[in-house]
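What follows draws every value from the coordinates through simple rules; no lab data is involved. The structure displayed is predicted, hence computed values, not measured ones. Positions of Cβ are generated from backbone atoms using ideal geometry, with glycine treated the same way; all protein chains shown enter the neighbour counts.
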Amino acid sequence: MAKRLLIVIDGPAGAGKTSVSRRLADRLGYIYVDTGALYRAVAVRAEDLGIRSDDDTALKQLLDGLTIRYEMRYDGPHVLAGDVDVTVRIREPKITMLASAISARPVVREFLLGLQRQLGREKAAVFEGRDMGTVVFPDADVKFFLIADIHERARRRFQELPPAPGMTVEAVEQDMIRRDRNDSTREAAPLKPAADAVRIDSTELSIEGVVEKMMTVVRDKMEN
């Protein structure tokens, strides 16, 4: 029986984490968890209720009564906040920026930390995020940090987003630069590679090319 591993993939937006994580999980027969979606789900509910990203008291009240879960459907994984399906809304640009601000709040991080660790307890899982290898799972069996050139990251994200008035590749790139700065300089779990993470630059690689590099590392870990 193959060794069950806990694999984490961190990195900035647009580096290809989602596509690569899903493909790697499929190859291994593991579960896939997009932890960024959890923070975005909180951001959606905060937006709906008019809660500011720095209002810790209101955020705590929201979280005390909030249940976030994944549901597998015919068209892929759906994210539900309470009984509300927020799968589409979590990809809106305004939710992206709000999620980045909310994710820096300790009250939110503490709430989701327990949920993430519960999901990873049985291993045989691929977790995608920004602080998986440094904070959530510092003892993960395999850690990857995926990067890519900022222009390529913006192009990829622009192609993923639904059409919107005034939306350009340049605007997406500026949003990414701001989010990178916010995520990398925040006090709580800043975006950075774990000391023992394997870094992969996906700028010139296909999804399958990145997955093959990762599979080499994973196979070695399974055998040793």
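Could you tell me which of the pairs 60/94; 123/221; 143/213; 123/143; 3/143 are separated by over 18 angstrom between their Cα atoms in the structure shown?
Numbers: 60/94 21 Å; 123/221 14 Å; 143/213 13 Å; 123/143 13 Å; 3/143 16 Å.
Going by Cα-Cα distance, 60/94 fall outside the 18 Å limit.
Write out the GluC sites (Glu not before Pro) in segment 82-164 meeting two conditions: DSSP loop, and at most 14 other Cβ atoms within 10 Å of their Cβ.
Working: sites: 110, 122, 128, 152, 160; in loops: 122.
Qualifying residues, ordered by number: 122.
Evaluate E = 1/(1 + (r/R0)^6) for residue 60 and residue 80, where r is the Cβ-Cβ distance and R0 equals 25 Å; express this FRET efficiency to the nearest 0.05. The partial results should precede the final answer.
On the way: r = 21 Å, r/R0 = 0.84.
Step by step, r from the Cβ atoms, then E = 0.75.
Please report the antiparallel percentage of DSSP beta bridges with both residues in segment 6-218, rounded to the nearest 5.
Numbers: 8 of 25 bridges.
In segment 6-218, DSSP labels about 30 percent of beta bridges as antiparallel.
If we sort 13-25, 53-65, 131-143 on the protection proxy, mean other Cβ atoms within 10 Å, highest first, what's the order?
Answer by packing, highest mean first, reads 13-25, 131-143, 53-65.
Leaving out same-chain residues fewer than 8 places away, which aspartates and glutamates sit with a Cα under 12 Å from that of residue 192?
Here the aspartates and glutamates satisfying the reach criterion relative to residue 192 are 10, 131, 180, 183.
With every atom except the alpha carbons ignored, what do you get for Rg and Dmax of segment 101-181, in angstroms?
Cα radius of gyration and Dmax of segment 101-181 are 15.9, 45 Å respectively.
In Å, what Rg and Dmax follow from the Cα atoms of the chain?
Looking at the chain, its Cα Rg and Dmax stand at 16.9, 53 Å.
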